[in-house]
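Can you keep this structure in mind? I'll have questions shortly.
Since every read-out is calculated from the coordinates, none of them should be taken as a lab result. The shown structure was predicted, so the numbers you read here are calculated from the model rather than taken from an experiment. Glycine also receives a Cβ, built like all others from the backbone with ideal geometry; neighbour counts cover every protein chain displayed.
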Amino acid sequence: MGNRTKKLTIAIDGHSSCGKSTVAKDLAKVLGYTYIDSGAMYRSVTLFCMVNDLIEGDYVNEEKLKTSIQDFTVHFTFDAANQRYITWMNHQEVEDKIRTLAVSNNVSAVSKIGFVREKLVKLQQEMGKNGGIVMDGRDIGTVVFPNAELKIFMTASAQVRAQRRFDEIKAAGLEVSFQEVLDNIEKRDYMDANREISPLRKADDAVILDNSYLTKKEQLDKLIELVNQRNK
Ligand code: DC
């Protein structure tokens, strides 16, 4: 698989629910790299706002958040027995709580706040300072690691993404309608692409990966091929 002496920085950006984290985790595993889910960090700040009553509808109490965010911490562990990553907010396990539709519905309002992004971008840069990292999100190749050796921009049609997400939520035994899931994805696409600070956009040097009709294995193989090219 080529000579992997360099510890690359790999940025995977793209739309909501297009399978970025699945392929990013698989790639990190194959390469023996650290995987960081930056979306989980924005979700954790959102949960932090919800439990501290700092959010109501689309309104976030930025003044209070600005002070209380100083007490916010987030870190990740890997549960090898169950092969899953776990997100910790202020030393409490929040992996399931940050994946609920309630958090998904509030996360855009929180992730558009400048000082929230500043804080999380700093943490992300610190986590990746030694390379050997795969990070997924929206602004990783454009803002967090503009010098990443490999940048991927992933996408798939909104219908395909909503169907995948709907199947996952159903499989977890939760009640939701397909339309609700599709509406959430379309709303987040709009807000991600149209927010003032660090909107979702493809970095000029990113490789587009449309996975509407690709299997997980085909996506991973494509990424490994790109990593090997960077390592030549
Ligand atoms: O990847 P995800 O769907 O779990 O991300 C949750 C939200 O966080 C998403 O709606 C946009 C936001 N986000 C962001 O603004 N910047 C990132 N780097 C990652 C996520």
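With a cut-off of 8 Å between alpha carbons and a minimum separation of six or more residues, what is the relative contact order of the range 60-154 in percent? Spell out each step's value before the answer.
Values: 53 pairs, mean separation 13.6, N = 95.
Normalised by residue count, the contact order of the range 60-154 is 14 percent.
Excluding same-chain residues fewer than 8 positions from LYS66, which lysines have a Cα within less than 16 Å of its Cα?
LYS112, LYS119, LYS122
Go through THR73, LEU223, LEU174 and say which Cα lies farthest out towards the positive end of the charge dipole of the chain; charges sit on Cβ, +1 for Lys and Arg, -1 for Asp and Glu.
The listed residue farthest towards the positive side: LEU223.
Which entries of LYS129/LYS222; LYS170/LYS222; LYS20/LYS170 show an alpha-carbon separation above 28 angstrom in the structure shown?
Working: LYS129/LYS222 26 Å; LYS170/LYS222 30 Å; LYS20/LYS170 20 Å.
From LYS129/LYS222; LYS170/LYS222; LYS20/LYS170, over 28 Å: LYS170/LYS222.
Another question, then. Can you find, among SER16, ILE36, HIS91, the residue sitting farthest towards the positive end of the charge dipole of the range 1-152, where Lys and Arg contribute +1 and Asp and Glu -1 at Cβ?
ILE36
I need to check one value: relative contact order of the range 85-232, counting alpha carbon pairs closer than 8 Å and at least 6 residues apart, in percent. Kindly include the intermediate steps, with their values, before the conclusion.
Working: 105 pairs, mean separation 39.5, N = 148.
The normalised contact order for the range 85-232 reaches 27 percent.
A follow-up question, please. Have a look at GLY39, GLY132, GLY57 and tell me which one the Gaussian network model of the chain (Cα, springs below 10 Å) gives the largest fluctuation.
Top of the fluctuation ranking is GLY57.
Now a separate question. Please give, to one decimal in nm, the separation of the simple spin-label points placed at GLU196 and THR100, each 7 Å out from Cα toward the Cβ.
Using points 7 Å along Cα→Cβ, the separation is 3.1 nm.
From a point 7 Å beyond the Cα of ASP204 in the direction of its Cβ, which residues of the range 107-140 have a backbone N at a distance under 20 Å?
139-140
Hey, another quick one. Going by the alpha-carbon gyration tensor, a ≥ b ≥ c the square roots of its eigenvalues, is the range 158-215 rounded (a/c under 1.5) or, if a/c is not under 1.5, prolate (a/b greater than b/c) versus oblate? Mind dumping the intermediate values first?
On the way: a/c = 3.08, a/b = 1.53, b/c = 2.01.
Oblate, because a/c is 1.5 or more while a/b does not exceed b/c.
Top mean-square fluctuation among GLY173, GLY131, GLY141, Gaussian network model of the chain, C-alpha springs under 10 Å?
Per the Cα network of the chain with a 10 Å cutoff, GLY173 tops the list.
Now, a different point. Take every Cα pair under 8 Å in the range 1-107 that's 6+ residues apart, average their separations, divide by the length, and report that relative contact order as a whole percent. Intermediate values should be presented prior to the final figure.
Numbers: 81 pairs, mean separation 22.5, N = 107.
Computed over the range 1-107, the figure is 21 percent.
A follow-up question, please. If you take the square roots of the eigenvalues of the alpha-carbon gyration tensor of the range 35-172 and sort them as a ≥ b ≥ c, do you get rounded (a/c under 1.5), prolate (a/b over b/c) or oblate?
Rounded shape, in that the Cα axes give a/c under 1.5.
Calculated from DSSP H runs of 4 or more alone, at -39500 (n - 2.57) each and per residue, what is the 222 nm mean residue ellipticity of the chain, nearest 500? Could the numbers behind the result be given before it?
Values: 8 runs with 104 residues, N = 232.
Theoretical 222 nm ellipticity from helices: -14000 deg cm²/dmol.
Please list 3J(HN,Hα) in residue order for the range 210-222, calculated via the Karplus relation 6.51 cos²θ - 1.76 cosθ + 1.60 where θ = phi - 60°; whole Hz, with x for glycine and proline.
8, 9, 3, 10, 10, 7, 4, 5, 5, 5, 5, 4, 4
Once amide H atoms are built 1.01 Å from N in the peptide plane, which residues 5 or more positions from TYR85, or in another chain, come under 5 Å H to H?
Counting only residues 5 or more places away or on other chains, the set is ASP79.
Computed over the Cα atoms of the chain, what is the ratio Rg over Rh, Rh following Kirkwood?
Working: Rg = 17.2 Å, Rh = 18.2 Å.
So for the chain, dividing Rg by the Kirkwood Rh gives 0.95.
While we're on this one: Short version: ³J(HN,Hα) in whole Hz for each residue of the range 123-140, in order, from phi by Karplus 6.51 cos²θ - 1.76 cosθ + 1.60 (θ = phi - 60°), x for Gly and Pro, what are they?
So the J values, rounded to whole Hz, are 4, 5, 5, 5, 4, x, 5, 9, x, x, 9, 10, 10, 10, x, 10, 10, 6.
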